[in-house]
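A short worksheet on the structure shown next.
The values are calculated or read from the model by the stated rules, or taken from the named source; none is laboratory data. Predicted model, so just to flag it, every value in this text is computed and none were measured. All Cβ positions, even for glycine, are placed from backbone atoms using ideal geometry, and neighbour counts span all protein chains on display. Accessible surface is based on the protein model in full, side chains and every heavy atom, while ligands, DNA and RNA are left aside. Shrake-Rupley method; radii C 1.70, N 1.55, O 1.52, S 1.80 Å.
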Amino acid sequence: DAGVIQSPRHEVTEMGQEVTLRCKPISGHNSLFWYRQTMMRGLELLIYFNNNVPIDDSGMPEDRFSAKMPNASFSTLKIQPSEPRDSAVYFCASSLLWTGPQETQYFGPGTRLLVL
Amino acid sequence: AQKVTQAQTEISVVEKEDVTLDCVYETRDTTYYLFWYKQPPSGELVFLIRRNSFDEQNEISGRYSWNFQKSTSSFNFTITASQVVDSAVYFCALSEARGAQKLVFGQGTRLTINP
């Protein structure tokens, strides 16, 4: 079975450019999460969706960040314009919604973003 | 507010030694869930175990075992007869029943197993 798929795996861009990260959740999962991992702040939840609907985006650092989930099998995290401090590893995770918090989140391989 | 503390930033042992990774958590909820994830050098996050707050039974899976103690708010992870392949960063995480699926991670413990 395919796990969570993320693309690209690595992204290098210049400050001010738009960056789009992509995620395909595990088939049948109906919750999707975006996390960011940095040395300073560790793993942080940015936003999550249930049944394609954004539930909590309180972790999104600022208006330069936006996320969408147009259907059950695809989500994007966009940064526009990008800044050097956005350099991090971005993880997507998915889980089943049935009973909520106890459902295990399964993570993708991550996208390593470097903004110069 | 929920919080997870992994006080051990780095641990280094020689292969075949037993090693315990500590995890202490804080929560006001009576129902919560604890997780351990492994992040090998390749970077992905691999799920290891989930524990419910109402189930204090310890768990063993091969060389891995977990000790959950509500009285001390701890969920420690022990690797027996460690191997070089166990080298990774290990994260403990917590979600609350009222926390609406938010998973809060500890800072991680970098474990190095030397041959």
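Just a few scattered comments:
- Residue within the stretch A:2-22 that is under 24 Å from B:Arg51 (Cα atoms) and either away from chain B (no Cβ under 11 Å) or under 12 Å from the mean Cα position of the chain (by Cα) (or both) present: yes
- Within the stretch B:86-98, being at pLDDT below 95 and open to solvent by 10 Å² or more (accessible area, probe 1.4 Å) holds for B:Glu96, B:Ala97, B:Arg98.
- The set of residues in the stretch B:69-85 being open to solvent by less than 20 Å² (accessible area, probe 1.4 Å) and under 21 Å from B:Ala1 (Cβ atoms) consists of B:Ser74, B:Phe75.
- Qualifying strands (runs of 3 or more DSSP E) (wholly inside the stretch A:1-68; at least 1 residues being open to solvent by 80 Å² or more (accessible area, probe 1.4 Å), under 21 Å from A:Leu116 (Cα atoms) and of a type in the set (A, V, I, L, M, F, W, C)): A:10-13
- Among the residues making up the stretch B:45-98, those that are of a type in the set (Val, Ile, Thr), away from chain A (no Cβ under 14 Å) and either in a strand (DSSP E or B) or within 13 Å of B:Leu21 (Cβ to Cβ) (or both) are B:Ile60, B:Thr78, B:Ile79, B:Thr80.
- Some residue of the stretch A:75-87 being in a loop (DSSP other than H, G, I, E, B) and open to solvent by less than 30 Å² (accessible area, probe 1.4 Å): yes
- When residues of the stretch B:19-44 are limited to those that are acidic (Asp, Glu) and within 11 Å of another protein chain (Cβ to nearest Cβ), the one most open to solvent (accessible area, probe 1.4 Å): B:Glu44
- Of the criteria (1) under 22 Å from A:Gln105 (Cβ atoms); (2) free of Cβ contacts under 8 Å to residues at least 40 places away in the same chain, which one B:Gln69 fails: (1)
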